[in-house]
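See below for the structure under consideration.
What follows draws every value from the coordinates through simple rules; no lab data is involved. Treat the numbers as computed from the prediction; the structure is a model and nothing was measured. Because the Cβ atoms are built from the backbone with ideal geometry, glycine has one as well, and the counts that use them run over all protein chains shown.
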Amino acid sequence: MSNQTVEARSPEATKREIYFFGGHRLEVKERRLWQGDVPVPLSPKAFDLLVVMLQSAGRLLEKDYLIRTVWPDSYVQDANLSVHIASIRKALGSTSATAQFIETIPKVGYRFVAPVSSACDAHRALAPAPASSEHAVAEYPRLPQLWMAVQSHGHWTSTALVLIAMLALACLVMLHWAKREKKVAETNTTTRPLIGPPGLFLQPAFSPDGQQLAYTWRSNRDSHQSVYVQRVSSGDRRLLADTGQDDYSPAWSPRGSEIAFLHSLGDNLPLQILAVDAKNPALRRIIGTICGANDAFRYPPALSWSPDAAMLVTTDCDNAAGGPSLARISVATGKKQELTHAPPRTVDDQAEFSPDGRWIAFRRSQGDSSDAIYLIASTGGQERRLTSDSNPIDGLAWSPDGTRIFFSSGRATSLGSIWSLPVGGGSPTAVTTPLTHTSSPAVSPVGRLMAYVDSPNNASVWRLSLNAQHDLEPFISSTFFDASAVYSPDGKRIAFRSDRSGANELWVCNSDGSQPQEITHFDGPMTGSPRWSPDGRSIAFDSRARGRSDIFVISVSGGQPTRLTDSSATGSDNVVPAWSHDGRTLYFSSNRSGAWQVWRHNLRSGAESQITMHGGFDAMETGDGCALIYVGDMNQNILHRLSLSSAGRDVEIASLGPGLWHPWTITRDYLYYVKRAPFSNGTTLVRMELGSHKSQIIDVLPQAINDSISVSPDEHQLLFARRSTTNSSIMILDGWN
């Protein structure tokens, strides 16, 4: 435990402190951070951490000291501290690579390195109110220094009086400006979990009186999720309807008499919209159908009732010229009206009527981690974008007065937290602190209750021995997400992705898991799918650094990555790279043609060519360079073998099963893949001879996720990712602000 000490400050003096650094101003008492005249959102604990660092600017602060100071009554690990440091860096516009504001001292702590000046209610130093055209805040000399300078010129009497008057006036101006700023309301809030058994809780929705929640739940033993209804104040709950298939997205009618939800009819079949009587579930009706869950969506879309109960808004696939778009559906007739026209390769979903029914807020997604919130009139018309960045968004809800939208997003870190966005304009402010992944916010129409899903977003890399004993052990793990581990060609190193630093980045460690080092520093966008070059000197990967995904290559020794594809020019996503056996080309998957296909990039000329014509994803070249293994059908996840000779023979060789397209790899002689049986959570590891296509089951891999697997060059060990827990909880926040 560190015995580090810092200069003590009185509580009152600390509250009155104002700090200026690098064009930013931090007001401790008002708990606000500004860049010029633009407010910068920070979570409460990130704000506290920044204050502590500013108070000791220029000094090395050890991790133990920071944790004890910011979290005095909680047990917090170093990884949580790293998350908040990353949050601050992103808010200030710096990265861990540039260390413009915060320097990392490996294994010790952090130092705030930017010049800092402070004022105590404008008595210790002075700065003007922010100008609308300038982001930089001027730093004024302190009064004693200025007084001495005037005296040294010998004509201080009249000049000093003028300067003192000017300084006094500046004091009054700054104080007046600070007082006229609206003070953030201080509200006592409490957070507690909804009482319930272990399992997967998703998609909470409040009843109109705020007394009940509808949600979907699945135990670890069930093969499908169902809709449940529960009182917020107790553990009493009931199954709304057991349909025998997956049900999604419950939504209460405005009077609370019915609950609508999406009902799966089976794989590759449309989703049915059912409305069930809330008190007598035997009374149900079919309102209509939308396209199937496997056809278009990252997740099943939301359902939302209009306040007059005449319409539902959701997402459908009738937009022939673009992506899945919003549709209004008549509750009485089932007639659809297309509301938005999503551009190609985008999805409009998570739609919610405003409380007065005049507006609909929705998410527009480009790929799997580039989202924005839009607003459109409920009758259609011009769309208006509300968020300025492209971070992933996982659910949204209106405030009861219709002035704000609450949404879940990993704006500051890779962990989703709840944010509040003023509909009339302004920057989002944090509602929850991101220590776990939060999603699917729901707001009670009455009172100040909010519900959201709390999911520990943790996964670990496990190592399976391929000998007769099949020893299984956790290998690369933290309290966050570690996955996509892949051996280097010589087997001495392993590349993997992790968000232990606060954002999804690529890391490299030794083959025994020791000495992990971060080699990318994007600080925010989803980054992953690492693949070693044949000579082991470079790693290809994908990242959403510009919103859509592109393919990059980085040297293992470090440095800046090189972008190979141009998503902005093609309006597409480019993901999952793989090297040719000779290292001269890179295969990757792109949807630039309107559907996922396998493409090839020539590293010497930069030329790109399409390889598959009938659908293709996640390709790898065989060791002899004669064939390509790839996923041909993204719905059925069928592995194909395509001859790269002029004949181009293409045959199906294996089925991965529902929900899996990534957990497979090839060695010189074998194909290893993880297979899931329909309607089952269990997965098995299969090895197939590439020559004869004969296969054998090697072992069962419990809780394996849809992530890449890797076999060591000597084929003695296999790496795969599994979640530490598949449970989630619904949290109730009382007194949100």
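Structure notes:
- Separation of the Ser233 and Leu283 label points, Cα + 7 Å toward Cβ, nm: 2.6 nm
- Those aspartates and glutamates that a straight Cα-Cα span of less than 16 Å connects to Lys694, excepting residues fewer than 8 apart in one chain: Glu652, Asp669
- Three-way shape call for segment 575-718 based on the alpha-carbon gyration tensor, with the a/c threshold at 1.5: prolate
- Measure of compaction for segment 417-563 (Cα Rg per 2.2 N^0.38 Å): 1.30
- Charge dipole (debye, nearest 20) of segment 571-676; +1 at Cβ of Lys and Arg, -1 at Cβ of Asp and Glu: 40 debye
- Estimated FRET transfer efficiency (Asp401, Ala321; beta-carbon r; R0 60 Å; 0.05): 0.95
- Here each label is just a point 7 Å from Cα along the line to Cβ, and for Ala607 and Asp734 those points are 6.9 nm apart.
- Take the Cβ atoms of Leu265 and Glu30, set R0 to 60 Å, and the FRET efficiency comes out at 0.65.
- Each label was represented as a point 7 Å from its Cα along the Cα-to-Cβ direction; for Lys694 and Ser465 these points are 2.6 nm apart.
- Whole-number percent relative contact order across segment 228-382, with pairs defined as alpha carbons under 8 Å at least 6 apart: 13 percent
- Order by protection proxy (mean Cβ within 10 Å, highest first), peptides 374-386, 215-227: 215-227, 374-386
- The coefficient of translational diffusion for segment 461-510, derived via Stokes-Einstein from the alpha carbon Kirkwood radius under 25 °C and 0.890 mPa s, stands at 208 µm²/s.
- Under the shape rule built on the C-alpha gyration tensor, where the axes satisfy a ≥ b ≥ c, segment 230-385 is prolate, since a/c reaches at least 1.5 and a/b is greater than b/c.
- Listed pairs Lys107/Lys492; Lys45/Lys492; Lys29/Lys63; Lys63/Lys90; Lys336/Lys675 exceeding 29 Å between Cα atoms: Lys45/Lys492; Lys336/Lys675
- Whole-Hz couplings from phi, Karplus 6.51/-1.76/1.60, listed for segment 37-47; x for Gly and Pro: 9, 9, x, 10, x, 9, 5, x, 6, 5, 4
- Within straight-line cross-link reach of Lys335, aspartates and glutamates at Cα separation under 15 Å, skipping those fewer than 8 residues along the same chain: Asp316, Asp318
- The stretch between Arg255 and Arg546 holds 100.4 nm of extra length on full extension. This uses 0.36 nm per residue minus the Cα-Cα distance.
- Proximal charge balance of Thr565 [Cβ under 10 Å; K/R count +1, D/E count -1]: -2
- Fully extended contour minus Cα-Cα distance, from Ser477 to Asp512, at 0.36 nm per residue: 11.4 nm
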